[in-house]
Amino acid sequence: MHKDSGFSIIEMLIVIAVAAVIAAIAVPQMIGSRSGAKLRGAVENLKGDLRLAKLKAVQENATVAVSFAGTWYWVFTDDGPTQQGQYHETDGERRFITRELPAGVSINTGSTDFAGNNYVRFNNRGLPENTGKVVVERSGGDQRNIELNRLGRINIY
């Protein structure tokens with residue numbers, strides 16, 4: 001007696017077709033959630049680094065600044081304005097963190113505003129000298145705002 005075992009070509013094609021339909025539905029959802037996760041992660045890292053800047057200002061008994069650029073930001077001690085009258089990192093100031101944002105995520109420097117600047121400074125009591133918001137966005141257009149009030153409270157919305 002001969003027993004046939006295995007799958008026929010038609011059964012195999014049906015299974016492949018069903019798998020293709022499921023993949024066509026699932027893959028765009030996974031890609032969207034992955035880029036959303038990158039944005040959420042970048043925002044949470046930035047919030048944590050702003051908290052670190054407040055803490056370092058108190059620990060070091062110094063002014064600590066966070067300066068924002070398009071795809072990265074950095075945290076450093078800030079001794080005061082440079083020769084041009086701007087608050088930027090200069091020689092002799094200690095850098096605590098340099099963080100690059102994930103691919104597809106950036107800081108919207110046109111919408112980021114701390115009293116007309118793209119940086120925030122914390123005094124030696126951990127209070128911000130200038131309040132405002134940082135706008136973090138992903139290439140798909142979704143964005144999150146991180147707001148810093150005059151008491152140093154950090155809110156994400």
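The values are calculated or read from the model by the stated rules, or taken from the named source; none is laboratory data. What you are looking at is a predicted structure, and each value in this text was computed from that prediction instead of being measured. Note that we place each Cβ from the backbone using ideal geometry, even for glycine, and neighbour counts take in every protein chain shown.
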Quiz prompt | Considering residues of region 96-133 that are among the basic types (Lys, Arg) and within 14 Å of Ser67 (Cβ to Cβ) only, the residue surrounded by the fewest Cβ atoms within 10 Å (Cβ to Cβ) | solution = Arg99
Quiz item: Within region 68-92, which residues are assigned to a loop (DSSP other than H, G, I, E, B), at pLDDT 85 or above and either more than 26 Å from Ala37 (Cα to Cα) or among the β-branched types (Val, Ile, Thr) (or both)?
Solution: Thr71, Asp78
Practice problem: Could you check how many residues of region 31-67 are crowded, with 16+ Cβ neighbours inside 10 Å and not in a helix (DSSP H, G or I)? | Solution: 6
Self-check item: Hits in region 5-30 - residues which are among the small types (Gly, Ala, Ser) and part of a loop (DSSP other than H, G, I, E, B)
Solution: Ser5, Gly6, Ser8
Quiz prompt | Condition check for Arg138: touching a helix residue (DSSP H, G or I) at 6+ places or on another chain (Cβ under 7 Å) and crowded, with 16+ Cβ neighbours inside 10 Å | solution = yes
Quiz prompt | Odd one out for Phe96 among (1) within 14 Å of the chain's Cα centre (by Cα); (2) not in a loop (DSSP other than H, G, I, E, B) | solution = (1)
